[in-house]
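Okay, structure first, notes after.
The values are calculated or read from the model by the stated rules, or taken from the named source; none is laboratory data. Only a predicted model underlies this, so the values are computations on that prediction, with no experimental measurement involved. When we count neighbours, we look across all protein chains shown, and the Cβ atoms used for this are built from the backbone with ideal geometry, even at glycine.
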Amino acid sequence: MTTRGAGRYAPSPSGRLHLGNLRTAMVAWLFAKSTGRDFVMRIEDVDRGRDAGAADEQLAELAAIGIDWNGAPVYQTARRTRHEAAIAELASQGLVYECTCTRREILEAPSAPHAAPGAYPGTCRNRSEAERTAARAAIAPREPALRLRTDLHEMSFNDLLLGEVTAAIDDFVLRRGDGAIAYNLAVVVDDADMGVDQVVRGDDLASSTPRQILLQQLLGLPTPEYAHVALVLGPSGARLAKRDGAVTLEDLAEEGISPEDVRDQLATSLGLISAGESLSLEQLVSRFAPSKLPREPWIWRPEARENDC
Ligand code: GLU
């Protein structure tokens, strides 16, 4: 816990980081440092199970482009007790219910009035004790998921880069049927416990933010400031991925491109340096201003790398 606030990066250890991940991490680090904050690291391993190897590689990649962090990285799977405590707190407010629906049942159910498309239709919401017991027995040995009970259908927040963002909210999952803690719950509890008051991440997560703010409000936790960064796209215009060629530090090193070169290319894409310049992340701090960040996705064109970037 820190008293001066912290930014963070929270990778999922599912493989090597690519240029898009590295660029977002760099922006998050610059945001934190330029506002006098600490920077903390969290490995979001709840979803895919602990993969210590991938996490270590990712941390080494972040360090190679100059990103450092305060304290030891926090592993989300080690925080189960805190996550369960938050669910228990919500349950004590009458805001948690068991859901036995399969994905297919949710897709096939008629949607509730006023609900956004794709919203949970509320099938399991108002079960009596007897109905709940019967529903549980009917899916055994599968376990029910836990959902949040909310009457909100949408919420808006003010993003430092995107301005006002509005996204749908429904009775979203807190703990999945397989026992895994859901991302929205874990992220809220962990950010609060780690003293994070500034969340900078890819703009694909902007639509999850209202759910997270709702959880903060229900759990009596402060809401951090949010900045959602435009993603890096591949040459086809789709989100950058492995199919786009050499997009990880490892691949690029094989082409003779060093982590410092990558850092400089990313800094160029962020409008922080001009071609030919090379600056450390520390040196970039004084040049960084959120208002000057590009609002459009950066399109990665490997063949144009030498000249354009
Ligand atoms: N672990 C998520 C990811 O790698 C990021 C979560 C977050 O920043 O809130 O996409």
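All conditions in (1) without any contact (Cβ under 8 Å) to a residue 60 or more places away in the chain; (2) exposed (fewer than 15 other Cβ atoms within 10 Å of the Cβ); (3) under 23 Å from Ala88 (Cα atoms) hold for Pro144, with the sole exception of (2). For segment 228-245, the set of residues classified as over 10 Å from Trp300 (Cβ atoms), surrounded by fewer than 19 Cβ atoms within 10 Å (Cβ to Cβ) and either touching a residue at least 60 places away in the same chain (Cβ under 8 Å) or in contact with a helix residue (DSSP H, G or I) (Cβ under 9 Å, 6 or more places away or on another chain) (or both) consists of Leu231, Ser236, Gly237, Ala238, Arg239, Ala241, Lys242, listed by residue number. Within segment 177-194, the set of residues being surrounded by fewer than 19 Cβ atoms within 10 Å (Cβ to Cβ) and either in contact with a strand residue (DSSP E or B) (Cβ under 6 Å, 6 or more places away or on another chain) or small (Gly, Ala, Ser) (or both) comprises Gly177, Gly179, Ala180.
Restricting Ala192, Ala167, Ala186, Ala206 to those that are within 15 Å of the ligand (Cβ to nearest atom) and part of a strand (DSSP E or B) reduces the list to Ala167.
Quick grid of which residues meet (1) at pLDDT below 95; (2) assigned to a helix (DSSP H, G or I); (3) farther than 18 Å from Val173 by Cα:
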position	(1), (2), (3)
Gln58	no, yes, yes
Ala72	no, no, yes
Arg82	no, yes, no
Leu90	no, yes, no
Gly94	no, no, no
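Within the set of pairs 6+ apart or on separate chains, which have a first residue in segment 287-309 that is closer than 17 Å to Asp251 by Cα and basic (Lys, Arg), a second that is in a helix (DSSP H, G or I) and at pLDDT 90 or above, and C-beta atoms under 8 Å apart? Matching pairs, first to second residue: Arg305/Gln265. For residues that are closer than 16 Å to Tyr226 by Cβ and among the basic types (Lys, Arg), scanning just segment 1-41, find the one that is nearest to the chain's Cα centre (by Cα). The qualifying residue nearest to the chain's Cα centre (by Cα) is Arg8. Checking Gly53, Gly49, Gly15 one by one, the residue that is assigned to a helix (DSSP H, G or I) and modelled with pLDDT under 95 is Gly53 and no other. Quick check: is even one residue across segment 176-190 over 22 Å from Ala86 (Cα atoms) and without any contact (Cβ under 8 Å) to a residue 40 or more places away in the chain? No, every residue in segment 176-190 fails to be over 22 Å from Ala86 (Cα atoms) and without any contact (Cβ under 8 Å) to a residue 40 or more places away in the chain.
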